[in-house]
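A short worksheet on the structure shown next.
The values are calculated or read from the model by the stated rules, or taken from the named source; none is laboratory data. Small disclaimer: the values here were computed from a predicted structure and weren't measured. Cβ atoms come from the backbone with ideal geometry, glycine included; neighbour counts cover every protein chain shown. Ligands, DNA and RNA are stripped out before the accessible areas are found, and what is left, the full protein with its side chains, is counted by its heavy atoms. Shrake-Rupley method; radii C 1.70, N 1.55, O 1.52, S 1.80 Å.
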Amino acid sequence: KSHPQGYVLFVQTDRKKSGQTIDKSYHLTDVAYDCGWKLIWHKVVCQREMGKIDLYRPTFSHILGYTQSGRPGTAFPDVFPVGEKIYNNATPLNVAERLVQFIVDHSQTLHRTDSDYDVIDPFVGRGTTAKVCQKYQLRFLGLDIDQQQCQKTRETLRISITTPASHILPHLTLKLIP
């Protein structure tokens with residue numbers, strides 16, 4: 001459940017299956033509209049240097065912003081250059097930084113409880129978004145179905161293996177989805 005003035009932000013890369021490209025942004029937007037959310041912006045981030053060709057993986061990702069009644073905020077670039085990454089297929093840190101900054105800028109007006117999370121990442125991967133949230137001390141919930149990815153997130157955040165997964169830090173929570 002999200003606050004009506006809250007935001008849902010995605011960084012999604014299209015996939016190829018049986019020689020066809022699956023446009024995840026189309027499917028996400030279709031579901032968002034069905035749930036009463038509106039698309040407030042659609043940006044692009046380069047995943048490889050300009051001019052590079054990859055026959056198996058798109059060289060860009062979509063950045064999608066949805067809300068029920070929030071505002072799109074101040075203008076920012078439509079295309080982000082490839083930036084530093086935690087691993088090859090990660091969201092570039094410059095993009096995660098910009099999206100988290102968007103949340104910081106817009107969360108000031110939300111009325112939330114102490115148990116609400118500022119950021120929920122249902123595909124935590126190796127923790128790019130968690131790393132940026134850690135910097136801002138945002139309340140973060142990271143989820144993944146892959147135990148190895150959760151472990152990589154712990155390494156990214158430099159968190160002890162003995163720290164319980166459900167209470168990594170007061171403002172960071174990491175959970176494995178069985």
Requested in this report: Output yes when any residue across the stretch 157-165 is at pLDDT 85 or above, within 18 Å of TYR87 (Cα to Cα), open to solvent by 30 Å² or more (accessible area, probe 1.4 Å) and not polar (S, T, N, Q), and no when none is.
Outcome: no
Query - In the stretch 73-102, residue nearest to ARG154 (Cα to Cα) [restricted to those that are open to solvent by 60 Å² or more (accessible area, probe 1.4 Å) and touching a strand residue (DSSP E or B) at 6+ places or on another chain (Cβ under 6 Å)] - result: PRO81
Report task. Quick one: in the stretch 51-63, of everything that is out of contact with any helix residue (DSSP H, G or I) (no Cβ under 6 Å at 6 or more places or on another chain) and touching a residue at least 24 places away in the same chain (Cβ under 8 Å), which residue is most open to solvent (accessible area, probe 1.4 Å)? Result -> TYR56
Query raised in the report: Based on what the data block shows, is ILE40 farther than 18 Å from THR13 by Cβ, in a strand (DSSP E or B) and either open to solvent by less than 20 Å² (accessible area, probe 1.4 Å) or not basic (Lys, Arg) (or both)?
Result: yes
**Report entry** Residue ID - farthest from GLN68 (Cα to Cα), chosen from residues in the stretch 8-20 that are touching a strand residue (DSSP E or B) at 6+ places or on another chain (Cβ under 8 Å) and at pLDDT below 85
**Finding:** LYS16
Query raised in the report: Pick from GLN20, GLN47: which is farther than 23 Å from PRO4 by Cα and loosely packed, with under 11 Cβ neighbours inside 10 Å?
Result: GLN20
Requested in this report: Assess whether LYS52 counts as being over 27 Å from GLN137 (Cα atoms) and modelled with pLDDT of 85 or more.
Outcome: no
Query - Pairs, first over 14 Å from VAL8 (Cα atoms) and among the aliphatic types (A, V, I, L, M) in the stretch 83-105, second part of a helix (DSSP H, G or I) and open to solvent by less than 60 Å² (accessible area, probe 1.4 Å), C-beta under 8 Å, six or more apart - result: ILE86/LEU93; ILE86/THR128; ILE86/THR156; ALA90/THR128; LEU93/THR128; LEU93/VAL132
Report task. Considering (1) surrounded by fewer than 18 Cβ atoms within 10 Å (Cβ to Cβ); (2) hydroxyl-bearing (Ser, Thr, Tyr); (3) in contact with a strand residue (DSSP E or B) (Cβ under 9 Å, 6 or more places away or on another chain); (4) at pLDDT 85 or above, say which one SER25 fails and leave the rest. Result -> (1)
**Report entry** Test: residue in the stretch 7-17 that is part of a loop (DSSP other than H, G, I, E, B) and open to solvent by 60 Å² or more (accessible area, probe 1.4 Å)
**Finding:** no
